[in-house]
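Engineer: Quick one: the structure is below, and I'll ask about it shortly.
The values are calculated or read from the model by the stated rules, or taken from the named source; none is laboratory data. Source: prediction; values computed, not measured. Positions of Cβ are backbone-derived with ideal geometry, glycine not excepted, and every protein chain shown enters the neighbour counts.
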Amino acid sequence: MLLKSGQRFVLIGDSITDAGRFDDMEKIGYGYVRLFRDFCWSRYPELRFDIVNRGISGDTIRHLEQRWTRDVIAERPDVLLISIGVNDVWRQLQEPLNPEQVLLDEFINTYRRLLVRTHDKLGCKLLLCEATIIGESRDAPHNTIVDVYNECIAGLAEEFGALMVPMNGAFWGAIDAAPDRRWTDDGVHPLSNGHMLMAITLFKTLDGVV
C-alpha cells in the first residue's frame, strides 16, 4: 500500500472528484473520495492519513493551473492524485469559438507545467487518472477524443514516473460485462456504483493490484 500513516493525500479534479464536498461537513464529498477513504479505513484500520478533496465542478486543466498554488502547493501533499480531462473533452464538440475550450496541445502543455512545478516544489508521489467516459457507449463521439487525451496522460505518467489510475478502462470493463446496467447519471457523473468502481480502482492501484 502506497499510503502510510502520517501522510497527506490530496485529490484535485472536477465535479467527479468534487461530488458535493462543499455541502459535506467533512469537506470530502459523497463520491469516490469518501468511498476510497472508507475502503482504506476498513482494509487497513491502522492507517492514519489526511485526505483532502480539492475537486471543483466544471474545472478544466486551465482552471487547475489557476488554483494550483493554493490547492496543491500550499497543501504540501505526500501523495497527489490528478483527475482532469472530462470538461476539456466535453467542450470540444460545442461551439467552435467557445472560449472555455481546451484543445489537446494546451491540455498537454498545461498538464506538463503543473507536473514540473509539483516535482520541483514538492517531490510528492503522483497519481494521474484517466479521464472517464462521456456517454456509456464507445460510439459516443466524445469517447474517441477521451482516448486520445488518455494516451497523452499515460505519456506524462511515464515521463514523470507517476502511477496511472485506469479509471476509463474500469468503466469500459464494467459496461462490457453488464451492458444493461447504468453507471452514470447523465453519461458523465457517476452513480453510486460508478463512484464505488472508481474508489476500488484507485485502491487497487495504490495497493499494487493493477
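Engineer: Could you give me the residue pairs with C-beta distances under 8 Å whose first residue belongs to region 103-125 and is without any contact (Cβ under 8 Å) to a residue 40 or more places away in the chain, whose second residue is surrounded by 17 or more Cβ atoms within 10 Å (Cβ to Cβ) wherever it lies, and which are 6+ apart or on separate chains?
Structural biologist: Leu103/Gln92
Engineer: To continue, here is another question. What residue, of Leu80, Leu47, Leu64, is outside any strand (DSSP E or B), in contact with a Cys (Cβ under 9 Å, 6 or more places away or on another chain), under 26 Å from Ala170 (Cβ atoms) and not β-branched (Val, Ile, Thr)?
Structural biologist: On inspection, the qualifying residue turns out to be Leu47.
Engineer: Now a separate question. What number goes with the only condition from (1) in contact (Cβ under 8 Å) with a residue 12 or more places away in the chain; (2) under 25 Å from Arg37 (Cβ atoms); (3) out of contact with any strand residue (DSSP E or B) (no Cβ under 7 Å at 6 or more places or on another chain); (4) not basic (Lys, Arg) that Met198 does not pass?
Structural biologist: Only one criterion is unmet by Met198, namely (3).
Yes or no, residue by residue, for (1) at pLDDT 95 or above; (2) surrounded by 15 or more Cβ atoms within 10 Å (Cβ to Cβ); (3) part of a strand (DSSP E or B); (4) charged (D, E, K, R):
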position	(1), (2), (3), (4)
Leu97	no, no, no, no
Thr118	yes, yes, no, no
Ile133	yes, yes, no, no
Asn150	yes, yes, no, no
Ile153	yes, yes, no, no
Ala170	yes, yes, no, no
Asp176	yes, no, no, yes
Val188	yes, yes, no, no
